[in-house]
Amino acid sequence: MKKITSIISLALVLLFSSCEKDDLSSTLSDVLYIKHKGAEMPAYIYGNGKEKIFLIILNGGPGGKGLEYRIGGVKDLEENYAVVYFDQRGSGMSTGNYSKSEITPALMAEDVLALVKVLKYKYGNDLKLFLLGHSWGGLLGTKVMLTDQSQFKGWIEVDGGHNLKHLYNDLIVRFNEVADGQISENHSIGYWNEVKEKIKNLGDEGCSDENASELNQLGFDSEIYLRKDDVLGKQSGISIDITNYFYEESLLITAISSVVVNNNLSYIWTEIDYTQELNTITIPSMVMWGKYDLVIPYNQGEDAYNHLGSSKKTWVSFEESGHSPMMDEYEKFTNEVIKFIEANI
Amino acid sequence: MFAKQILKFIYMKKFLVLIMLFGFTNIFAQTDSLKSKGFQWKNLDFNASYYGETGWYPGIKVGAEYIIFEKQKEKVKTKRKKGEVKKIKKNQFIITGNLGYYWQAHNYSSAFINSAVLYRHTGNKGFQYNFGISPLGINTFFFNETYKISDDDELTKAFLSARAFYEPSLIMGLGHTMKKKRLKAWFLNMHIIGLIPYNSAVNALLALEFGFRFDINRFNK
């Protein structure tokens with residue numbers, strides 16, 4: 001009887017202690033689901049939560065996965081902060097039931113704000129939150145800022161897209177500049193001549209879904225040649241945690257979700273332009289861009305920086321990076337993010 | 001409060017419950033028609049298996065199967081050393097009912113129930129292969145720690161947060177008969193599973209299954 005009483009008492013103590021705000025003194029390794037407007041979206045939280053500084057990562061794509069970013073410069077940030085890898089609506093391991101027309105940047109920005117609400121509920125209202133968006137995540141993060149920036153201490157855009165309407169034409173110009181530069185440096189001359197030819201044809205044909213997709217692929221392909229010719233950082237020294245890819249997520253589910261959501265959001269490439277609203281973003285902001293980004297070119301980054309309304313804004317250029325400075329120059333990336341967060345806590 | 005939440009959960013999934021009932025009705029309907037010819041216990045087998053989503057998310061599956069049609073071919077060949085050798089090949093159509101549960105590492109655990117129709121060929125030396133289709137199935141994901149934000153922005157910690165999917169599947173596999181006292185055969189199956197609806201469209205899973213079939217009659221002996 002005594003044994004049963006002690007077991008029940010222990011269970012009650014555990015039950016009630018679990019109702020309190022979570023202990024942030026140890027390294028975090030939590031998975032929370034956010035159920036919001038027809039979707040269940042997981043957020044994976046790893047790292048040091050001692051100082052209650054949480055950095056939410058918005059992945060690229062659309063259709064990428066939160067945990068794809070648990071590598072290189074982003075993973076290194078876990079030593080200092082709690083990093084939140086969020087599977088957006090329709091992406092990664094997110095589930096739900098809604099129509100195609102319901103997937104919009106506006107609703108996805110609401111999802112991020114729902115995540116903020118959950119984090120504050122679970123870990124305390126005094127959390128210091130920062131938001132980092134890469135590529136498509138940069139566009140989504142911009143939309144979050146335009147919806148409710150008051151929840152955050154700072155906004156970090158990394159090779160993001162605030163103005164996709166002009167992306168096609170900007171890319172045509174930038175591809176030519178980079179190709180000319182590489183040819184003059186005697187780097188992979190055959191490849192860059194081919195690129196120039198393709199760009200000429202795509203420029204003549206103008207923007208279509210198919211051409212935009214071809215240009216996007218060409219951007220990633222070009223990084224292989226730029227890396228081979230030592231123009232981009234080598235990415236050596238990055239530890240790859242194979243469990244991210246083969247254990248933490250169901251491969252087939254995430255692959256199919258990626259294709260579906262990418263297709264659902266294909267309209268953004270010709271419709272979205274937040275340039276004129278950027279001046280309403282007034283919280284501390286940092287814009288980081290790879291000089292050789294041929295997916296979303298450098299001038300788009302300069303444009304975002306110039307239009308931001310923040311009085312405390314920082315521009316960081318990565319001279320040896322393509323679309324992903326957190327991989328190409330991961331040490332510099334980590335240091336710059338830490339510098340920005342520490343200056344704006 | 002607890003009962004109310006369970007009722008709400010069941011109510012929300014009622015169409016899937018209907019599909020489930022329809023599945024069972026189908027199985028029992030088949031059984032009835034067999035009864036009229038004389039239900040035969042020897043046609044009923046059970047199976048238990050390791051069931052891994054994507055191969056490595058571990059789970060278990062148990063099922064029952066009933067042979068609804070069987071055709072046996074016998075050939076007698078005369079060999080110089082062995083004399084007359086009888087070769088037997090079997091083709092069977094089988095209906096199955098299955099229950100399973102698996103754990104996806106960080107996200108959810110999943111319970112499923114389905115019914116399938118299988119074609120199985122057994123060669124003379126006991127090697128088997130099968131193909132099948134499961135038009136009736138339900139898979140329910142039970143999510144880990146979940147917080148719900150309602151339309152009016154209210155936050156609550158969700159109790160038993162789950163989502164159910166209609167889950168048709170294709171099955172293909174191989175196996176071999178066994179001469180053990182109770183085990184009838186081992187088998188290795190691959191399942192290609194649809195999840196409908198999933199987000200704004202559909203999705204799919206791959207599962208691998210390794211297990212044993214046993215004959216309940218052999219336990220009685």
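The values are calculated or read from the model by the stated rules, or taken from the named source; none is laboratory data. As the structure is a computational prediction, the values presented were derived from the model and not from experiment. A quick note on method: Cβ atoms are made from the backbone with ideal geometry, for glycine too, and the neighbour counts reach across all protein chains shown. The area values use the complete protein model at the heavy-atom level, side chains included, leaving out ligands, DNA and RNA. Shrake-Rupley method; radii C 1.70, N 1.55, O 1.52, S 1.80 Å.
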Item checked: Qualifying residue in segment A:60-72 (condition: out of contact with any Pro (no Cβ under 7 Å at 6 or more places or on another chain) and part of a strand (DSSP E or B)) -> no
Next item on the list: Identify the single condition in (1) exposed (fewer than 12 other Cβ atoms within 10 Å of the Cβ); (2) modelled with pLDDT of 90 or more that B:Glu70 does not satisfy, given that it satisfies every other one.
Entry: (1)
Note to self: Against the conditions (1) out of contact with any Ser or Thr (no Cβ under 7 Å at 6 or more places or on another chain); (2) open to solvent by less than 50 Å² (accessible area, probe 1.4 Å); (3) modelled with pLDDT under 95; (4) more than 14 Å from every other protein chain (Cβ to nearest Cβ), where does A:Leu58 fall short? Just the number, please.
What the structure shows: (3)
Check: Does A:Thr282 fit the bill of being more than 18 Å from A:Tyr69 (Cα to Cα), of a type in the set (Val, Ile, Thr) and part of a helix (DSSP H, G or I)?
Finding: no
Item checked: Output for segment A:135-155, where each listed residue is open to solvent by less than 10 Å² (accessible area, probe 1.4 Å) and not in a helix (DSSP H, G or I) -> A:Gly154, A:Trp155
Check: Has segment B:161-169 got any residue that is within 14 Å of chain A (Cβ to nearest Cβ) and not in a strand (DSSP E or B)?
Finding: yes
Note to self: Considering only residues that are modelled with pLDDT under 95, of a type in the set (Gly, Ala, Ser) and on the phi < 0 side of the Ramachandran plot, which ones fall in segment A:236-291?
What the structure shows: A:Ser236, A:Ser239, A:Ser250, A:Ala255, A:Ser257, A:Ser258, A:Ser266
Next item on the list: State which residue pairs qualify: first residue touching a residue at least 60 places away in the same chain (Cβ under 8 Å) and inside segment B:84-112, second residue open to solvent by 50 Å² or more (accessible area, probe 1.4 Å) and among the polar types (S, T, N, Q) in any location, beta carbons under 7 Å apart, and separation of 6 or more residues or different chains.
Entry: B:Ile95/B:Gln30
Note to self: Being assigned to a helix (DSSP H, G or I), of a type outside the set (Phe, Trp, Tyr) and open to solvent by 50 Å² or more (accessible area, probe 1.4 Å) is the filter here; which residues of segment A:257-279 pass it?
What the structure shows: A:Val259, A:Asn262, A:Asn263, A:Thr270, A:Glu271, A:Gln276, A:Glu277, A:Asn279
Item checked: Verdict on B:Tyr147 being closer than 22 Å to A:Ile253 by Cα, within 14 Å of chain A (Cβ to nearest Cβ), open to solvent by less than 20 Å² (accessible area, probe 1.4 Å) and assigned to a strand (DSSP E or B) -> no
Checklist line | Yes/no for B:Met172 being among the hydrophobic types (A, V, I, L, M, F, W, C), within 13 Å of chain A (Cβ to nearest Cβ) and not in a loop (DSSP other than H, G, I, E, B) | finding: no
Note to self: Any residue at all in segment A:290-298 that's outside any loop (DSSP other than H, G, I, E, B) and closer than 27 Å to A:Tyr168 by Cβ?
What the structure shows: yes
Next item on the list: Could you please give the count of residues in segment B:195-221 that are within 14 Å of another protein chain (Cβ to nearest Cβ) and either open to solvent by 20 Å² or more (accessible area, probe 1.4 Å) or of a type in the set (A, V, I, L, M) (or both)?
Entry: 11
Check: Just to be sure, is A:Leu202 within 18 Å of A:Tyr298 (Cα to Cα), open to solvent by less than 40 Å² (accessible area, probe 1.4 Å) and at pLDDT below 95?
Finding: no
